[in-house]
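So the structure is just underneath, and the comments pick up after that.
Here, each number is a calculation from the coordinates, and none is a lab measurement. This structure is a prediction, so every number in the text was calculated from the model and none was measured. So basically every Cβ, Gly included, is an ideal-geometry build from the backbone, and we count neighbours across all protein chains shown.
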Amino acid sequence: MENRESRAYLRQLRVTPRKVKIVLDLIRGKDVANAMAILKNTNKLVCEDVEKLLKSAIANADHNFGMDVEKLYVAECFVTPGILKNMKRVRPRAQGRAFRVLKRTSHVTIVLRERQEA
């Protein structure tokens, strides 16, 4: 039996990759029902965005590939930094100087696979 997978991407999320990684480490390797419960009960702002992305990946698996939703688990989830070109800001500092602030963005990817019955 082939190993099918469903992917979902979230581009240009206005949260730093370091903060997203904390949440993704909680759900990696878990089945989707358990991952949804973890995301609903974790007190992090980015959980709402990751939960929406996980729902999208589940819908992709069901609609596009006909996979069984009960057997799905989070096989991979990772975050990479987004572009910094348009999110540079200036903060005033002492003696009339300016300090550059980088508003970082993230690209989040979630991959779902079906568990194989042994």
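Within the range 40-53, the residues that satisfy the criterion of being farther than 14 Å from residue 76 by Cα, within 11 Å of the chain's Cα centre (by Cα) and surrounded by 15 or more Cβ atoms within 10 Å (Cβ to Cβ) are 46, 47, 49, 51. Taking the range 8-32 only, how many residues are touching a residue at least 12 places away in the same chain (Cβ under 8 Å) and either exposed (fewer than 15 other Cβ atoms within 10 Å of the Cβ) or in a loop (DSSP other than H, G, I, E, B) (or both)? Number satisfying all stated conditions: 10.
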